[in-house]
Each structure stands twice: as structure tokens, then as C-alpha cells.
1. Taking 35 Å as R0, compute the FRET efficiency from the Cβ-Cβ separation of residue 116 and residue 58 and round it to 0.05.
2. Taking 7 Å along the Cα-to-C-beta vector as the label spot, tell me the residue 48-residue 70 distance in nanometres, rounded to one decimal.
3. Which log10 I(q)/I(0) values does segment 4-61 give at q = 0.14, 0.21, 0.29 Å⁻¹ under the Debye formula, counting every alpha carbon as one identical point scatterer?
4. Hey, can you rank 18-29, 55-66 by average C-beta count inside 10 Å, highest first?
5. Please provide three numbers in whole Å: the alpha-carbon extents of segment 1-104 along the principal axes, with the largest listed first.
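Read-outs throughout are calculated quantities, based only on the coordinates presented, and are distinct from any laboratory measurement. All values reported here derive from a predicted model rather than from experimental measurement. Every residue, glycine among them, receives a Cβ derived from its backbone with ideal geometry; neighbour counts consider all protein chains shown.
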């Protein structure tokens, strides 16, 4: 089992390499897809090996927004959203449950209703939330 220090060291090393490297993805997608297809979950793999594999693929398989040469394709208007994302990432509320996260769920519902009103969507609304790198999207209609 890898230690927390090992993972921190791996992530620190990856961040250093990302900041020194290019911004755009460099991964060989056909090779990656073949590797991914081979992971059938039929046979266990060592955790440390899978963590290393995942970190390496993330280093080469996404636009590196933490790279100092990355220039966002949007204006500074997204800064409030970035702040909100940091808050959510720090607290990691479980937005699927109002019993465990009543305040974040209420804030999310209020915000979605307000945006839906401004976009003239009336009572139908879409619920999307992201935290800690995960994304869940739920479509729902409300009679409220």
C-alpha cells in the first residue's frame, strides 16, 4: 500500500513536470484507449501501479491549466466560479443529500432557480454540480 507521502511526492513531481512542459495534451490516444480497454477489472492490480498510471495519463492527457503558459480562453468573469470551486473542494459537501449537506444543497438550488429565471427557463431547471474533480448532472423538473 503506498503511503500518503508517496502519493504527495508523485503529485508534486507531476505538477513540476506539468509546469515545465507543454500545455496541450500529448498522449497517444490509440495507445491510451488500448491500455484502458485492457483494464477489465477482472484481475486486481496493485494500487501504487494504478496511481502511477493515472497520474502519468493526467500529465499528458489534458490541457494543463496549471501550466504558467496556459492562457484561459475566457475572461476574468470566471474568477467567482473558481473561488466557489475552491470552497467546495475544501469542504467536499455531499450534494446528493440534503440531510448531510443542507446549506450547500439550498445554495445550489437557489442559484439554479435564479439562473433558470434569468435564462427564461421557467420552472424546468437543470442541476449540475462539480467538486473535487467529479461531475454529476441531474435533469429534473420542479413544480415549485
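1. Computed FRET efficiency for residue 116 and residue 58 comes out at 0.55.
2. For the pair residue 48/residue 70, the computed spacing is 2.9 nm.
3. -0.46, -0.90, -1.19
4. 55-66, 18-29
5. That gives 41, 39, 29 Å along the principal axes, largest extent first.
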